[in-house]
1. Determine, from the Cβ-Cβ distance of residue 44 and residue 76 and an R0 of 45 Å, the FRET efficiency 1/(1 + (r/R0)^6), rounded to the nearest 0.05.
2. Fewest to most neighbouring Cβ within 10 Å: what's the order for 176, 43?
3. Roughly how many nanometres apart are two label points built 7 Å out from the Cα toward the Cβ at residue 128 and residue 159?
4. In which sequence would 48, 164 go, from the one with the fewest C-beta neighbours within 10 Å to the one with the most?
5. Calculate the spin-label point distance for residue 64 paired with residue 174, positioning each point 7 Å from the Cα along the beta-carbon direction, and give it in nanometres.
6. Quick one: 158, 51, fewest Cβ neighbours within 10 Å first, how do they rank?
7. At q = 0.15 Å⁻¹, what is the log10 ratio I(q)/I(0) for the range 44-176, with the Debye formula run over Cα points and no solvent?
């Protein structure tokens, strides 16, 4: 029995087959996961309020500096950044906006002007946006896969939580916080590290066993 166990443990063919089977299982699992994702593509949009900064705080409210727009003095001027992102695996075309209704974000204070709108990637067109009172209304328009669009707006009023209303069809819409991006990046890093660690461990075990069986045979 001892000799049989030793022969099994020292068999280079056994370890070659074992390592090959583990690699094949890992590749097969990743392939099945990729096939499942491609066969069931999802449309998902997230939105986030990236910045809400009081201009008077930046300029020191105890000074004589004031902020005006069209020669009208603003009592509580703020810069608010609103970002929408297509985080799904398919484009969100204009046809997904039911009855052509836009996505509306209520900032809780009168919007004075849209200061800028930036898309990433930069070659993607920015969806149309208009202002109505306290709301910035975006779309209908194409939001390409992996596209992010940031709107910077000037508002006059105190900070309020942003709310969203939409009529998108077959699109999973979720609120996102800036911390979610950091967490998502960390999860990806952990997965890559775990896969690398397993690969290195299996390779190391195979190398050590192969060297041991070779030296033992000699």
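1. 0.85
2. Least to most surrounded, the residues fall as 176, 43.
3. Each label point lies 7 Å from its Cα, and together they span 3.4 nm.
4. 164, 48
5. Taking the two extended label points, one gets 5.3 nm.
6. Final ranking by Cβ density, sparse to dense: 158, 51.
7. Calculated log10 I(q)/I(0) at the listed q: -0.70.
Where a number appears in this text, it was derived from the coordinates with a stated rule and is not lab data. The structure displayed is predicted, hence computed values, not measured ones. Using ideal geometry, Cβ is built from the backbone for each residue, glycine included, and neighbour counts are taken over all protein chains shown.
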